[in-house]
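The values are calculated or read from the model by the stated rules, or taken from the named source; none is laboratory data. Only a predicted model underlies this, so the values are computations on that prediction, with no experimental measurement involved. Here Cβ is always computed from backbone atoms with ideal geometry, including for glycine, and neighbour counts include all displayed protein chains. The area values use the complete protein model at the heavy-atom level, side chains included, leaving out ligands, DNA and RNA. Shrake-Rupley method; radii C 1.70, N 1.55, O 1.52, S 1.80 Å.
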Amino acid sequence: MGAAIELDRLGLSDTVILEREDDLGGTWHVNRYPGLAVDIASMTYSYSFEPNPYWSRLFAPGAELKQYAEHVADKYRLRERMRFSTVVDAACWDEENSWWRVTTAAGEVYTGRYLVTATGFLSQPYTPPFAGIDDFTGRIVHTTDWPDDLDLTGRRVAIIGTGATSVQLVPEIAAVADELTVHQRTPIWVVPKPDFPIPRLMQRMFAAIPVTQRIGRAINTTILEALMVIGVLRFRQAKPLNRMAAVLGRVHLRLSVHDKQTRRALTPHYDFGCKRPTFSNKYFTAFNQRNVHLETSPIDHITSDAVVTVDGHARPIDTLVLATGFNIWDVNFPAFEVIGREGKNLGKWWRDARFQAYEGITMPMFPNMFSLNSPYSYSGLSYFTTIEAQMKHMARLLGEVRRRGARTFEVSEQANREFLDHVTDRLGDSVFYAGRCASAHSYYFNQHSEAALLRPTSTITTHREASRFPLGDYLYS
Ligand code: NAP
């Protein structure tokens, strides 16, 4: 939606938005599990040019994020250009006409001068191939496919996975289920969530004097920036800040969980930041409940009514919740087949060579294409920081295309190579390479053991480079 808003501003309004789901909002439409909320404060997790003074809490619940997306879509007249339940199969560069041909699963063909892929990082749900899962006679629910009418009151539930989703969901299930077994493979860092309802008076102040909310946003963004840049990206130079975050996580665990053995099992054995840390005041305490069991023995197989672990332990269940996350590196980069110049296959190139994208947004041999969810594109902790930087990049580049009267743009091989060398070099200081991450099982790392998601620069640098990158880094024709 951010890209479409930017294209409108540039006068390129002949746009169609193809969407796999049956409504808008992406993550905030698909994810509807109980406890869903943002964990970046909402004043930062929103467009800077479209603030919402009426967030009900510092960290808004998922349904409000979905409403916000609807508001943006309506205000910027995007909805009428959206085609829902439209699954894209492939996009192919048509050399002769200098345009993209996009084909859908239903056999429709769209042609467009420009192609923007905005398919997200966490949009291809992952279900591990557990032996025997098809024999399970109870209900199986993946967290991305939560039935609105699912009532777990009095049920015997097992949840597999302890990522950010599970951290939000476990306390909700624990509150109603008869029994809840949490299958943990890798413990996760959890720090307290400083969440609170935003009083009506403050909401009114944000609406009447928008600068007050902007100040709040600036303060919050600065804190996040310090965490990200100093604690994660400059780990080698600034280990103490990273260690402080880990201490906070340990103290939080110590104060929350009564049982020593459970505490030990919940303690991560890798550095803070190797994998996505989480924020919760309710996750750890759920393990004090008599109906909640932490299972750390690996899963061997699933029977008609139980998850059996390798030590032979099996607790009867009637509902299996898969909080097993997403497949990022095998099927999501890109989310469908993309064929560029001379038949170059984007996914094959990324997997065979290295995952790469100039400034995290364009690739050589793929003219007139912006790939928003690219390797090394994610900057800062709020996704909106990334989105708005990419909007700037699009504006600068397409402005130049117009100034030259060009039909195509394509980033040069050299500029792309130099950017990849630059980020690779910078990442050497990050916790991913300088820290202890081997046992983290982090989806930040791809099949080549490269942490190729995050851009290793401050968000200020990201934004500056998005509005100042050398226009000569592109070839125009
Ligand atoms: P995730 O972080 O990838 O976690 C998946 C979990 O499933 C992990 O604990 C993983 O264990 C486990 N798992 C996978 N395969 C397994 C297997 N074969 N056996 C046992 N366990 C297995 O996924 P997620 O929790 O859905 O979160 C994904 C991302 O979504 C987050 O990192 C975050 O960026 C975003 N998110 C954000 C929010 C928010 O606050 N706004 C909320 C939820 C999610 P291992 O760790 O051992 O691999």
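So which strands (runs of 3 or more DSSP E) stay within segment 87-187 end to end and still have 3 or more residues that are farther than 25 Å from Thr303 by Cβ and of a type outside the set (Phe, Trp, Tyr)?
The strands (runs of 3 or more DSSP E) meeting that bar are 88-94, 99-104, 109-112, 115-117.
Could you tell me how many of the residues in segment 371-392 are crowded, with 23+ Cβ neighbours inside 10 Å and of a type in the set (Phe, Trp, Tyr)?
1
Can you tell me which residue in segment 191-239 is surrounded by the most Cβ atoms within 10 Å (Cβ to Cβ), limited to those that are of a type in the set (Ser, Thr, Tyr) and free of Cβ contacts under 8 Å to residues at least 12 places away in the same chain?
Only one residue fits best here, namely Thr212.
Please verify whether Phe59 is in contact with an Asp or Glu (Cβ under 7 Å, 6 or more places away or on another chain) and within 13 Å of the ligand (Cβ to nearest atom), treating the condition exactly as stated.
Judged against the criteria, Phe59 is a match.
Return yes or no: is Ile17 over 30 Å from Leu346 (Cα atoms), among the β-branched types (Val, Ile, Thr) and either open to solvent by less than 60 Å² (accessible area, probe 1.4 Å) or at pLDDT 95 or above (or both)?
no
Within segment 236-259, identify whether any single residue is in contact with a strand residue (DSSP E or B) (Cβ under 8 Å, 6 or more places away or on another chain) and within 15 Å of the ligand (Cβ to nearest atom), and answer yes or no. Working first, answer last.
We begin by selecting, within segment 236-259, every residue in contact with a strand residue (DSSP E or B) (Cβ under 8 Å, 6 or more places away or on another chain); these are 245, 248-249, 252-253.
This time we only want the ones that are within 15 Å of the ligand (Cβ to nearest atom), so: none.
No, there is no match, as no residue in segment 236-259 is in contact with a strand residue (DSSP E or B) (Cβ under 8 Å, 6 or more places away or on another chain) and within 15 Å of the ligand (Cβ to nearest atom).
Considering each residue of segment 75-86, count those that are assigned to a strand (DSSP E or B) and either surrounded by fewer than 16 Cβ atoms within 10 Å (Cβ to Cβ) or basic (Lys, Arg) (or both), and give that number. Reasoning before the result, please.
If we filter segment 75-86 for residues that are assigned to a strand (DSSP E or B), which is where we start, we get 82-83.
Still in the list and also either surrounded by fewer than 16 Cβ atoms within 10 Å (Cβ to Cβ) or basic (Lys, Arg) (or both): 83.
Adding up the residues that qualify gives 1.
Identify all residues within segment 101-134 that are within 16 Å of the ligand (Cβ to nearest atom) and under 17 Å from the mean Cα position of the chain (by Cα); write none if there are none.
Thr119, Gly120, Phe121, Leu122, Ser123, Gln124, Pro125, Tyr126
Please determine whether any residue of segment 149-164 is within 24 Å of Glu21 (Cβ to Cβ), within 14 Å of the ligand (Cβ to nearest atom), in contact with a Phe, Trp or Tyr (Cβ under 8 Å, 6 or more places away or on another chain) and open to solvent by 20 Å² or more (accessible area, probe 1.4 Å).
No: zero hits.
Inside segment 2-40, can you point out the residues that are part of a helix (DSSP H, G or I), of a type outside the set (Lys, Arg) and more than 16 Å from the ligand (Cβ to nearest atom)?
Listed by number, the residues that qualify are Gly2, Ala3, Ala4, Ile5, Glu6, Leu7, Asp8.
Would you mind stating whether Tyr474 is more than 16 Å from the ligand (Cβ to nearest atom), modelled with pLDDT of 95 or more and open to solvent by 20 Å² or more (accessible area, probe 1.4 Å)?
no
Which of the residues that make up segment 274-324 are within 12 Å of the ligand (Cβ to nearest atom) and part of a loop (DSSP other than H, G, I, E, B)?
Cys274, Lys275, Arg276, Pro277, Ser280, Thr296, Ser297, Pro298, Val310, Ala323, Thr324
Considering only segment 393-424, state which residues are under 30 Å from His448 (Cβ atoms) and open to solvent by 30 Å² or more (accessible area, probe 1.4 Å).
Of all residues in segment 393-424, those under 30 Å from His448 (Cβ atoms) come to 393-394, 397, 409-424.
Hits for segment 393-424 are Glu413, Gln414, Arg417, Glu418, Asp421, His422, Thr424.
Regarding segment 436-456, can at least one residue be identified that is buried (at least 16 other Cβ atoms within 10 Å of the Cβ) and part of a helix (DSSP H, G or I)? Walk me through it before giving the result.
The first filter runs over segment 436-456 and keeps only residues buried (at least 16 other Cβ atoms within 10 Å of the Cβ), leaving 437, 440, 442-446, 450-456.
Keeping just the survivors that are part of a helix (DSSP H, G or I) gives none.
Checking segment 436-456: not a single residue is buried (at least 16 other Cβ atoms within 10 Å of the Cβ) and part of a helix (DSSP H, G or I).
Here is a list: Gly405, Gly340, Gly360, Gly428. Which entry is touching a residue at least 60 places away in the same chain (Cβ under 8 Å), among the small types (Gly, Ala, Ser) and at positive phi?
Gly360
Take segment 174-206 and flag every residue that is within 20 Å of Lys282 (Cβ to Cβ) and more than 16 Å from the ligand (Cβ to nearest atom).
Selection gives Ala174, Ala175, Val176, Ala177, Asp178, Glu179, Phe196, Pro197, Ile198.
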